[in-house]
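First up is the structure itself, then whatever we jot down about it.
The values are calculated or read from the model by the stated rules, or taken from the named source; none is laboratory data. This one's a predicted model, so the numbers in the text were calculated from it and none came from an experiment. Note: ideal-geometry Cβ built from the backbone for every residue, glycine included; neighbour counts use all protein chains shown. With ligands, DNA and RNA removed, areas are computed over all heavy atoms of the protein, side chains included. Shrake-Rupley method; radii C 1.70, N 1.55, O 1.52, S 1.80 Å.
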Amino acid sequence: MYNIRFVEEHIEELKEVSEKKGLSLDFQGFRKLNKERKSLKGEVDEFRREKNKKGQKVGELKREGKDASSLLSELEDLKKGVTKKEKELKEIQKKVNDFISWIPNRVHPSVNSEPTVIKEPTGIKKFSFTPIDHINLGKSLGILDFQLASTVAGSHFALYKGKGAILERALINFMLDLHTKRHGYTEIFPPFLVNEYSMFTTGQLPKMRDDMYITKRDGLFLNPTAEVPLTNILANKILEKEEIPIKYCAYSACFRREAGSYGKETKGLLRIHQFNKVELVNFVHPEESYNTLEHLLKEALVVIELLDLPHRVIQLSINELSFASAKTYDIEVYAPGVDKWLEVSSISNFEDFQARRAGIRIKEKGGTIHIHTLNASGVATPRLLVSLMENYQTDKGEIIIPDPLIPYTDFEKIG
RNA sequence: GGAGAGAUGGCCGAGUGGUCGAAGGCAACCGAUUGCUAAUCGGUUGAGGGGUAAAAAGCCCCUCCCAGGGUUCGAAUCCCUGUCUCUCCGCCA
């Protein structure tokens, strides 16, 4: 979280970025509040000084066996007069902190006000027939069953069956192997439930609260992405310079309420409450983070390229950037059945925004500095599966398994 | 779930009511010295906030010894609650 002094000194800049990220925060109110805070702080400090001094004197008197009763009554009055102010100060301080917690990360200068195509559409396939969408495909092949999913859980859940379930599992294993064996990641199998603090440090809270599943009894959050547990592994750690970069990857189920998103692109697997994702998180030196961002994009792209799926890369515009991100690329795959570009990976540099909230630092000359964190989906399966099913379908309604996946599925086609 | 032990600065670790923001060690930094990347000696080194100052330095002050309450003129030290770690018992994948 931003330091209050920093906010004070960068009000205009922070206000601008907040607005661009779609948050209208009351910086004017903050100014006023902060002014109050300062004067109140002065008053309270002055009282405490007085109190400390007199309290010490009481000690001295008592040790000498002298009478301290007049001092004691003075102290009592002093205390009475100021408890209210102390309470006020506490309240203001809390308000100030709450306000600051809502200020989003700043944005890298290379981010535009419009989305930018980084990689033009590549590998679009020609069909000699009209491709069917994954919903009908999945139904006729008996590998996807949304009906059953809603019986068990509710709408906008998915249920994979038979070879569909195996294919899903194959994708996850394929990606994990790729990143651990080829890209040098340490694999983590994290808790899927995380505490409120973890959700705060990565920047999901306070903004995205309505989009979270929360367990009633224990107040735990179902993680919306493995980014949350992975990043928090190092929370409040001070690392040696030689320990970074650190590269963690993990599979996790991801849970999102998707509040308010009904109606748009919600068919079939396009937007569901629970999905699978392999996530990559890097912890790097601040000077390295933008090189790492490019590198992460490449690592995520390898998945798509090995599966030979049509795709493109977009650099997000300012207003599309998430709360915590300074710069983000999206990888989108094309799905000919639904005729849509689908986001399967988001690659972001958070700079020191998350590290600041989580207290992740390295030792540098003369003290410690916050490191930079980045993450990339590597990648999310539902839309990947959609693109795979729809691109690898035959005119007979079968699905051919791409070569790299066959060792994982043990079958070459479905249908 | 029950019983007990613990949580102190970058790290280790002392400290059971005042003069403790905290001994000591290590590490780091600065300097000195030694004919060589080591040794020795001296010094410095936590964070946040308020004030003063054009700003920086400096100076003054407040807060922070897991978190939140409480007792007390005064709490790192005593009491309560919570979190986490460790040990034992129970229960259970």
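If you average the C-alpha positions of the stretch A:197-218 and of the stretch A:240-303 separately, how far apart do those two centres end up, in angstrom? Here the two parts' Cα centres lie 17 Å apart.
Since only A:Asn52, A:Ile92, A:Val386 are under comparison, the one whose Cα sits farthest along the positive direction of the charge dipole of chain A, derived from C-beta charges on Lys, Arg, Asp and Glu, is A:Asn52. Each residue of the stretch A:81-86 is assigned a 3J(HN,Hα), and the resulting list reads x, 10, 4, 5, 5, 4 Hz, derived from the Karplus form 6.51 cos²θ - 1.76 cosθ + 1.60 (θ = phi - 60°), x at Gly and Pro. Using a 10 angstrom Cβ neighbour count of at most 12 plus a DSSP loop assignment to flag exposed trypsin sites (Lys or Arg not before Pro), which longest range of chain A is free of such sites? The answer is A:265-364.
Axis of helix A:163-177 versus longest Cα principal axis of chain A: the two differ by about 60°, to the nearest ten degrees. For A:Lys216, the aspartates and glutamates whose Cα falls under 13 Å of its own Cα, not counting residues fewer than eight places away in the same chain, are A:Glu196.
Phi-derived couplings, Karplus 6.51 cos²θ - 1.76 cosθ + 1.60 at θ = phi - 60°, listed residue by residue for the stretch A:288-294: 9, 5, 7, 5, 4, 4, 4 Hz, with x used for Gly and Pro. Within straight-line reach of A:Lys62, meaning a Cα separation under 24 Å, sit the following lysines at least 8 residues removed in sequence or on another chain: A:Lys51, A:Lys53, A:Lys54, A:Lys79, A:Lys80.
Rounded to the nearest 10 degrees, the angle from helix A:381-391 to the longest Cα principal axis of chain A is 20 degrees.
A simple rule links phi to the HN-Hα coupling: the Karplus curve 6.51 cos²θ - 1.76 cosθ + 1.60 with θ = phi - 60°, which for the stretch A:206-215 gives x, 5, 9, 3, 5, 8, 9, 8, 10, 7 Hz, with x for Gly and Pro.
Taking amide hydrogens as placed 1.01 Å from N in the peptide plane, the amide H of A:Lys413 sits under 5 Å from those of A:Ile401, each at least 5 positions away in sequence or on another chain.
Across A:Tyr197, A:Tyr329, the residue with the most accessible area heads the list, and the full order at a 1.4 Å probe is A:Tyr197, A:Tyr329.
Summing Cβ point charges (Lys, Arg +1; Asp, Glu -1) relative to the Cα centre of the stretch A:309-396 gives a dipole of roughly 480 debye. Solvent-accessible surface of chain A, averaged per residue with a 1.4 angstrom probe and all protein chains in place: 50 square angstrom.
Could you please put A:Phe99, A:Phe129, A:Phe189 in sequence from largest to smallest accessible area, using a 1.4 Å probe? The partial results should precede the final answer.
On the way: A:Phe99 30, A:Phe129 55, A:Phe189 150 Å².
Largest accessible area first, the list is A:Phe189, A:Phe129, A:Phe99.
Pairs from the list A:Lys35/A:Lys94; A:Lys32/A:Lys87; A:Lys207/A:Lys237; A:Lys161/A:Lys277; A:Lys125/A:Lys340 with a Cα-Cα gap above 21 Å: A:Lys207/A:Lys237. So which GluC sites (Glu not before Pro) in the stretch A:54-142 are both in a DSSP loop and have at most 14 other Cβ atoms within 10 Å of their Cβ? Passing sites in the stretch A:54-142 are A:Glu64. Calculated mean residue ellipticity, 222 nm, chain A: -12500 deg cm²/dmol, from DSSP H runs (n ≥ 4) at -39500 (n - 2.57) each, averaged per residue and rounded to 500.
Relative to the Cα centre, what is the charge dipole magnitude of chain A, using +1 at the beta carbon of each Lys and Arg, -1 at the beta carbon of each Asp and Glu, and rounding to the nearest 20 debye?
It comes to approximately 1600 debye.
Ordering A:Gly22, A:Leu61, A:Leu71 by Cα displacement along the dipole of the stretch A:4-101 toward the positive end leaves A:Leu61 in first place; charges were set at the Cβ atoms of Lys, Arg (+1) and Asp, Glu (-1).
Here the accessible area is traced with a 1.4 Å probe on the protein chains. For chain A, carbon and sulfur cover 49 percent of it.
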